[in-house]
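This report refers to the structure that appears directly beneath it.
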């Protein structure tokens, strides 16, 4: 049976038995921000298990999953993967053990035609119910029912003793017996033996308890079923393969990888095949390689695969070439991967090229660390050194470990992680996020605020709570910041990247009191109005009027609707792979982050601007529709992949332009945005770009300012505005000629004067070798290199020249050696790398000529550079 047929047969079987078929969730969990990736079929059903959703009590899915807990085992074993598909049927109080076991047995023996004699089962040793069902209802021989402990057959593993508190329960696993001739061959071999004879194909979890302490449980009011069957593993059983990598959807990939790498190391070939499949699906789901969060995991997997390719002699990018094959193998069930294969390939190629560059620099530095450690009798690369490799060169710590291990050395992982955590904490503080004084205070008000602000900016309400920090007050008349909770409000809270409304809350037209609302935030289902009293006194239960600042609301709406127009324009100009990665909406200002492999050129920015402004000019209606999440997905609405959506969602539709799930405030018609102008475009991480733009009044002001600046420049240049481009190009050409003349003059001055001073300042360093160190000022880096060539012509043997200069907050260093020294093994490249490394920089070059660059710092002076250089050069001679 083909893998695609198994997937379809499973879903149809449980659909027939009353289960609602759910499509695979993305690899980024929408309903659980605590998870980096969807790692199990049950992840998307969290709200059903918790009783928050009740539209069905039985579900079935084939879920794409990603796990990295067993990364080191991928390729080594027959069944471990980072990416895999999980078949699962679920019951949320609809049925329990007996039906779950009956359905599983029927599917395996009737639908898949597996022989009952080839199947064994395990149960939790204390689960008498499951044991009797298998023995008496199903008829499995007691010899084939294995009782196992809490580590193997309880979920979570060992939960009764080690926790955590919460839902848990026993498991029952089903095994396929590959035959007595497999594995250890012992007479008493059973699924408890790890010899490989028995393949675990299905795990049935009976979630029936709530753990409330060590070995203390109580029955759950609603007992649930959570099952998981690995698609690849069951395919291997049905197709008679001893390894998952031999099944129909993986063997073509394995063969292609083997062909490209010209290798026969099945461990590495299988690992590469697994890893590129995982990366392809992750990128398709909007996770790009980066140094943060999910992106770092994907970068780690991709670079691990590329490193394995290097180990087999492949020194050029190759992983991107495998994307079309993967997309073709999965196009029937995952058409989105096939549709985006070109964009996915480009992203992976870019990361491969980046890593190859990283490897060249990082390996040189790492090998110098290894040589130094061995020379000094140490067996460990320090955490500081491994972190410097990671932070400065992007060299993964895992690769540092791998390479060091090959040389018999260890890496101080604890020290590395300590420095990494320090950096993350520093970055978090530096990011400047405005953390609410009311966030994470453990306040549970038990109330919800009705939001009426989509349709009305003024609403009468009652004060339900007055909060000052964690204190709940009945009244207040002070001047400190407090928060009001109303039973209903027109104030939109900070949410989805859009800043909150501002305004006032008053009573009797402001005669009794006026409360200035500086911002609004969510606290569970309540909305906090955070601000200060301007006049009067607050009292709990008082009837008030909430008044939103209309001008601010309109400006926020202009910017927010423009982000939707911008995303649609980007998708049209750059491709359908473009998806929102984050946004920030202020008054007539927006910041929009999106996935794209490279920066936009001026033509693309112009096209995007024109596209948005065209839609603004067309005065298109902006509709807001409430519908179910499933219906919205069927409509093709775009959703921000990290956002959590409820059963009912709000879809913002710009007719004929875009459909997005969005809870923000928007315009009624696009023309109200007035005008749209891109203010800047930049990179914020690998594969993620950022556009900043203005709209409405800010855009008008900017356009007027640009026109005035154009008028001033035109007047100063004494040329018409439409000829300024030609005039500037003429100036550039003249400046180039002037630069050339200045360069020649500077060269003449150096040859006639400065070179003599430098040559007279040298001294013998070691073995008769002369060292000349000098600093140049007010020159370009090209001249620094020329100066070395001129000096080397004057001293043709036993000489090393080192010149440096400061330019644009960087220090540029060049080094040259005479041919006799380079021929004897002295390397300017090595010397420059070591010198720059001591100052947090990087270097490269050839034996006879090296270069390096470092950022300006108070710790770097001319003297420190000279002292360090002299010491290192002396060691290398």
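Bear in mind these aren't lab numbers, they're just calculated from the coordinates by the rules spelled out. The structure presented is a predicted model; accordingly, all values stated were derived computationally and were not measured.
Here are the numbers:
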{"item": "Normalised contact order of the chain, rounded percent, pairs of Cα under 8 Å and 6 or more residues apart", "result": "6 percent"}
{"item": "Largest-first principal axis extents of the Cα set of the stretch 1-55 (Å)", "result": "37, 25, 12"}
{"item": "All Cα pairs of the stretch 498-636, percent lying beyond 19 Å", "result": "66 percent"}
{"item": "Gyration tensor (Cα) of the stretch 751-876, equivalent ellipsoid semi-axes in angstrom", "result": "20, 17, 13"}
{"item": "Calculated log₁₀ intensity ratio I(q)/I(0) where the Debye formula runs over C-alpha points of the stretch 251-430, q = 0.10, 0.12, 0.17, 0.18 Å⁻¹", "result": "-0.44, -0.62, -1.08, -1.16"}
{"item": "Cα principal axis extents for the stretch 450-548, largest first, Å", "result": "33, 30, 19"}
{"item": "Dmax and Rg, reported as Rg then Dmax, of the stretch 636-739 (C-alpha, Å)", "result": "21.5, 68"}
{"item": "Kirkwood Rh in Å, taken over all unlike Cα pairs in the stretch 290-330", "result": "11.4 Å"}
{"item": "Over 48 Å [Cα-Cα, the chain], rounded percent", "result": "40 percent"}
{"item": "Intensity falloff of the stretch 22-138 expressed as log10 I(q)/I(0), Debye formula with alpha-carbon point scatterers, at q = 0.21, 0.23 Å⁻¹", "result": "-1.23, -1.23"}
{"item": "Gap separating the Cα centres of the stretch 710-729 and the stretch 256-274, nearest whole Å", "result": "61 Å"}
{"item": "Distance from the stretch 1-43 to the stretch 179-231 (C-alpha centre basis), Å", "result": "20 Å"}
{"item": "Size-normalised alpha-carbon gyration radius of the stretch 3-244, reference 2.2 N^0.38 Å", "result": "0.98"}
{"item": "The stretch 636-700 and the stretch 575-630: distance between their alpha carbon centers, rounded to Å", "result": "5 Å"}
{"item": "Gyration tensor over alpha-carbon atoms, the stretch 36-101, equivalent ellipsoid semi-axes in Å", "result": "28, 14, 8"}
{"item": "Histogram of C-alpha separations across the stretch 553-695, 10 Å bin width, %", "result": "12, 45, 35, 7, 0"}
{"item": "Share of alpha-carbon pairs per 5 Å distance bin for the stretch 66-119, given as whole %", "result": "4, 15, 16, 13, 15, 19, 15, 3, 0"}
{"item": "Taking the C-alpha atoms of the stretch 139-265, convex hull volume expressed per residue in Å³", "result": "170 Å³"}
{"item": "Within the chain, helix-based [θ] at 222 nm, where runs of 4 or more DSSP H residues each add -39,500 (n - 2.57), nearest 500", "result": "-12000 deg cm²/dmol"}
{"item": "For the stretch 570-637, projected area of the alpha-carbon convex hull averaged over all directions, nm²", "result": "6.2 nm²"}
